[in-house]
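Have a look at the structure below before the remarks.
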Amino acid sequence: MPDRELYSEETHRDGDRIRPGGQPAFMWSCGVQLTALVAATNLDRSAYEKRMKAYGDALDSYWIDHDGLGGYNVLPHSGPDRYYDDNAWMVLAFSEAYEVTKDRKQLDRAVETMKFVLSGEDEKLGGGL
């Protein structure tokens, strides 16, 4: 999306402007996008690391603290509407980002997000997340 580090699942262009009503991607696809940027960074760090880190920073707009527990929301600045599986993808992506860059910020994001994922554990239907 122009002037933002976020991506949109669909872009409707009218010249250089996005048609009104366009919104950033849902969180589940953001994890996939971040994973792709991490993989690209692993292949060519000088070409992709800056973009990968900027995208990770932009995803902070999806982060929401609710009832004392942070997690990524389905859309930025809305909520609370968080899904455990969406956040699990973010844990994986940020863990991989840390492995590639050794940037502690990426590991911290993975750890904080994992706290939300683990909060979904229950004993229903034999237990699980």
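The values are calculated or read from the model by the stated rules, or taken from the named source; none is laboratory data. Not measured: the values here are computed from a predicted model. For neighbour counting, all protein chains shown are included, and Cβ atoms are generated from backbone atoms with ideal geometry for every residue, glycine included.
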Collect the residues in region 71-89 that are surrounded by fewer than 16 Cβ atoms within 10 Å (Cβ to Cβ), touching a residue at least 40 places away in the same chain (Cβ under 8 Å) and touching a strand residue (DSSP E or B) at 6+ places or on another chain (Cβ under 8 Å), keeping them in residue-number order.
none
Of the residues in region 90-122 that are out of contact with any strand residue (DSSP E or B) (no Cβ under 8 Å at 6 or more places or on another chain) and among the basic types (Lys, Arg), the one that is surrounded by the most Cβ atoms within 10 Å (Cβ to Cβ) is 109
Residue count for region 105-129, restricted to those that are out of contact with any helix residue (DSSP H, G or I) (no Cβ under 6 Å at 6 or more places or on another chain), part of a helix (DSSP H, G or I) and small (Gly, Ala, Ser)
1
Quick check on my filter: what residues within region 20-34 are at pLDDT 90 or above and surrounded by fewer than 16 Cβ atoms within 10 Å (Cβ to Cβ)?
32
Any chance region 14-31 includes a residue that's in contact with a helix residue (DSSP H, G or I) (Cβ under 8 Å, 6 or more places away or on another chain) and of a type in the set (Val, Ile, Thr)?
no
Could you give every pair whose Cβ atoms fall below 7 Å, whose first residue belongs to region 46-61 and is farther than 17 Å from residue 24 by Cα, and whose second residue is hydroxyl-bearing (Ser, Thr, Tyr) and at pLDDT 95 or above, counting only separations of at least 6 or pairs across chains?
48/41; 49/41; 49/101
So in region 101-129, with the set limited to residues that are at pLDDT 90 or above and among the basic types (Lys, Arg), which one is farthest from residue 74 (Cα to Cα)?
102
